[in-house]
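Trainee: Got a structure here, written out as structure tokens. Questions coming.
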């Protein structure tokens, strides 16, 4: 029985890896042909929409769409392959319920925040002369560096906290969201609308609404840690 369970887990890991390479491929090897074709079609549609948005609104919008919609779908269908066929409910419904219950969606957002921290740090190091708009000013020198460094520091804290489903991460994120939203709105009145600024406001509002909706993840995880033995 242990050998059979180990075999099944190994096959599911292999299926997840295949679906990570090509959406639906893992499901195809499991005999779920209809799901495989549907998952691949959805992935191709999202990629096409991302590329089309890039041609219309620029590279930043393309990357943002890919990270917020295409990449999550890629991860979900790969996780669906790992879970294998469902006996009691529709496969995708079962997968989303598992993701939601275990807080994997919040962990995914945490990974995105850590990726953003790396990206921010790279941009700061490669463009030391760039002055970041900060409440209608563009400070230079030490103050300018500190305002630029604030973003990757907060992204790292939120990212780590979300990956671990720490309760304090929700508080840090709300501080980050309040700071980011206020700064963007103030800069909007001074410097006018821009693609990056508009995208930041929309994304931040959407992120915050979703995280507040899913705030129970942090509470339930804190309760489970408190109940577990030392």
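Trainee: Out of the residues in segment 211-230 that are touching a helix residue (DSSP H, G or I) at 6+ places or on another chain (Cβ under 8 Å) and within 29 Å of residue 135 (Cβ to Cβ), state the one that is modelled with the highest pLDDT. First the steps, then the outcome.
Mentor: Filtering segment 211-230 down to residues touching a helix residue (DSSP H, G or I) at 6+ places or on another chain (Cβ under 8 Å) leaves 211, 214-215, 217-219, 221-222.
Among the residues that remain, those that are also within 29 Å of residue 135 (Cβ to Cβ) are: 211, 215.
Working: 211: 94, 215: 91.
Here the answer is 211.
Trainee: For segment 14-34, enumerate the residues that are exposed (fewer than 13 other Cβ atoms within 10 Å of the Cβ) and either touching a residue at least 40 places away in the same chain (Cβ under 8 Å) or more than 22 Å from the chain's Cα centre (by Cα) (or both).
Mentor: 31, 33, 34
Trainee: Which of the residues belonging to segment 151-187 are more than 22 Å from residue 131 (Cβ to Cβ), part of a helix (DSSP H, G or I) and touching a residue at least 40 places away in the same chain (Cβ under 8 Å)?
Mentor: 156, 158, 159, 160, 161, 162, 163, 167, 169, 170
Trainee: Return yes when residue 114 is in contact (Cβ under 8 Å) with a residue 24 or more places away in the chain, part of a loop (DSSP other than H, G, I, E, B) and within 22 Å of residue 67 (Cα to Cα) and no when it is not.
Mentor: Spelling it out, it is not the case that residue 114 is in contact (Cβ under 8 Å) with a residue 24 or more places away in the chain, part of a loop (DSSP other than H, G, I, E, B) and within 22 Å of residue 67 (Cα to Cα).
Trainee: Which of (1) exposed (fewer than 14 other Cβ atoms within 10 Å of the Cβ); (2) farther than 21 Å from residue 60 by Cα is the odd one out, the single condition residue 202 does not satisfy?
Mentor: Among (1) exposed (fewer than 14 other Cβ atoms within 10 Å of the Cβ); (2) farther than 21 Å from residue 60 by Cα, residue 202 violates only (2).
Trainee: Follow-up question, since we're still on this one. Of 207, 135, which residue is in contact (Cβ under 8 Å) with a residue 12 or more places away in the chain and surrounded by fewer than 17 Cβ atoms within 10 Å (Cβ to Cβ)?
Mentor: After applying the criteria, what remains is 135.
The values are calculated or read from the model by the stated rules, or taken from the named source; none is laboratory data. Only a predicted model underlies this, so the values are computations on that prediction, with no experimental measurement involved. Positions of Cβ are backbone-derived with ideal geometry, glycine not excepted, and every protein chain shown enters the neighbour counts.
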